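Please read the structure below before turning to the comments.
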């Protein structure tokens, strides 16, 4: 669909009135606690984004050809093999892979980063910032590592990183492309130049960046990039690690098994080169196809269309939330709200004075049909430093978001501040929920059973 975008000097009148692309579930209606049904407003895309309609259609078309790959003589197997390897090429093209770069298919970003951790040369040290998602923090804690606390400005943070890189040899600098907590982007080209001057390679966690901005390995000289399909409108359990082949060819095979080898004896093995070295077992062909189709579809958008669409919505969201009494917007770097000195993707995080973040999220869902994310966003060191130990509310927008979505969100927050919740909430398994929640679940989803399956962990 085309997008109507109008701008004026008043950021409140900036609008993106239609979605850029059609998403599965765009017309979903959900129940409220007062018995009404309303159109679902999904502003939790940074956690998992619905499939593009074209992705779902392409997967449905491929299902009749579902078969094993690489070793089958049957026609369906040949089709599936062709789908897998073409998808690999398309995924690499989306991130500007260089000639000779490997494209390894994984389950998600977490999987891809853990895979890369097994390929860092023995004894090599990894440096990362404290603002990382746990996926780009925990794998490196098993290796020699140093964490750098981000400073109040980007320039000061780069200076702190340079000091660490100059102190002693570093094998890898691991950085996010855009914070999953606040949406702020890091200056990738400057980080690459800094790391390479000191002999370190760079991996970019693009789980949040890739659904919003293109990143080119060839143009930036980034060594490795990782990202997930479930955030890039291809929610079928696949991710990718793309980058220089040498470490991947000699690293510990991530998933030993069939397809990862050249030959095997009863107590010996000759491993294949990357990418197959790390892809033991039957691959997720449908997931690869879904991710490749999403990459093609996003890449085909007119230049700048996605950035303009998101900027219009984000500007409107920030402007109105900033004007609400008791609402606090949270950022990593010092930046005036009226000037975009630090670029940001379509993610905004806030708290409301007097209300637990989890209660705000439950209220938005139960009384307004709006989905957001609350909590610490798998970034505990950062949220602790930002004073968000009890969590915050995260709103995330994308190609399916519209002005109406943003307006419903800010109207609901304004109503909370003015009137408070209209129903009673309690904590159930650690999560806020309406008391005796009357909203029915589909029968195939468990009907009335709302058990989270959560269990306390005291380890």
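Sorted from fewest to most neighbouring beta carbons within 10 Å, what does the list 170, 226 look like?
Numbers: 170 22, 226 31.
Exposure proxy ranking, most exposed first: 170, 226.
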Item to complete: Under 16 Å from a label point 7 Å along Cα→Cβ of residue 36: give me every residue in the stretch 413-440 with its amide N that close.
Response: 413-416, 419-423, 439
Discussion item. Under the √(5λ) rule applied to the eigenvalues of the Cα gyration tensor, what semi-axes describe the equivalent ellipsoid of the stretch 337-419? Give them in Å, descending.
Written reply: 20, 18, 12
Worksheet item: For helix 53-62, what angle does its Cα long axis make with the longest principal axis of the chain, in degrees from 0 to 90 and rounded to 10?
Response: 40 degrees
Item to complete: Calculate I(q)/I(0) for the stretch 224-311 by the Debye formula, one identical point scatterer on each C-alpha and no solvent, and give its log10 at q = 0.17, 0.19, 0.25 Å⁻¹ to two decimals.
Response: -0.82, -0.94, -1.22
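By average Cβ neighbour count within 10 Å, what is the ranking of 426-436, 308-318 from highest down? Write down the numbers at each step before the final one.
Numbers: 426-436: 14.4, 308-318: 22.3.
Highest to lowest by the protection proxy: 308-318, 426-436.
Let me check against my output: what whole-number percent is the relative contact order of the stretch 66-299, with C-alpha pairs under 8 Å and at least 6 apart?
Working: 466 pairs, mean separation 59.9, N = 234.
About 26 percent, as a whole number.
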Fill in: Stretchable slack from residue 60 to residue 334, in nm (0.36 nm times residue separation minus alpha-carbon distance)
94.0 nm
Discussion item. What distance in nm separates the two pseudo spin-label positions at residue 435 and residue 264, each 7 Å out from Cα along the beta-carbon direction?
Written reply: 5.9 nm
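Taking a ≥ b ≥ c as the square roots of the eigenvalues of the Cα gyration tensor of the stretch 206-257, is the shape rounded (a/c under 1.5), prolate (a/b larger than b/c) or oblate? Write out the running numbers ahead of the final one.
Details: a/c = 3.82, a/b = 1.22, b/c = 3.14.
Oblate, because a/c is 1.5 or more while a/b does not exceed b/c.
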Response to the item:
If one compares the long axis through the Cα atoms of helix 188-197 with the longest principal axis of the Cα atoms of the chain, the angle in degrees, nearest 10, works out at 40 degrees
Item to complete: Could you please state, rounded to a whole Å, how far the C-alpha centre of the stretch 425-444 is from the C-alpha centre of the stretch 44-65?
Response: 28 Å
Practice prompt. Give the distance, in whole Å, between the Cα centre of the stretch 234-312 and the Cα centre of the stretch 104-183.
Written response: 21 Å
Discussion item. Can you tell me the orientation of helix 75-94 relative to the chain, as the angle in degrees between its alpha-carbon axis and the longest Cα principal axis, to the nearest 10?
Written reply: 70 degrees
Practice prompt. For the stretch 66-299, go through all pairs of different Cα atoms, get the mean of 1/r, take its inverse, and jot down that Kirkwood value in Å.
Written response: 18.1 Å
Fill in: residue 414 versus residue 307: modelled label distance in nm, points set 7 Å from Cα along the beta carbon direction
3.1 nm
Worksheet item: Label points 7 Å out from Cα along the Cβ direction at residue 70 and residue 299: separation in nm?
Response: 2.3 nm
Worksheet entry | Hypothetical label at residue 22: residues of the stretch 375-404 whose amide nitrogen lies under 15 Å (7 Å Cα-Cβ projection) | 400
Discussion item. Contact order normalised by length for the chain, with contacts defined as Cα pairs under 8 Å and 6 or more residues apart; what percent is it?
Written reply: 22 percent
Discussion item. Can you compute the helix-only [θ] at 222 nm over the chain? Use -39500 (n - 2.57) per DSSP H run of at least 4 residues, normalise by all residues, nearest 500 deg cm²/dmol.
Written reply: -9500 deg cm²/dmol
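At a 10 Å Cβ-Cβ cut-off, how would you order 377, 333, fewest neighbours first? Display every interim value, and only then the final one.
Details: 377 23, 333 19.
Ranking 377, 333 by Cβ neighbours within 10 Å, fewest first, gives 333, 377.
With 10 angstrom as the radius, rank 53, 197 by how many other C-beta atoms surround their C-beta, starting from the fewest.
Details: 53 17, 197 11.
Fewest-to-most Cβ neighbours within 10 Å comes out as 197, 53.
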Worksheet, complete the sentence: On the formula 1/(1 + (r/R0)^6), with r taken between the Cβ atoms of residue 159 and residue 385 and R0 of 25 Å, the FRET efficiency rounded to 0.05 is 0.85
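Any read-out appearing in this document is the output of simple, stated calculations on the displayed coordinates, not a laboratory observation. Note that the structure is predicted; figures quoted are calculated from it, not measured. Positions of Cβ are backbone-derived with ideal geometry, glycine not excepted, and every protein chain shown enters the neighbour counts.
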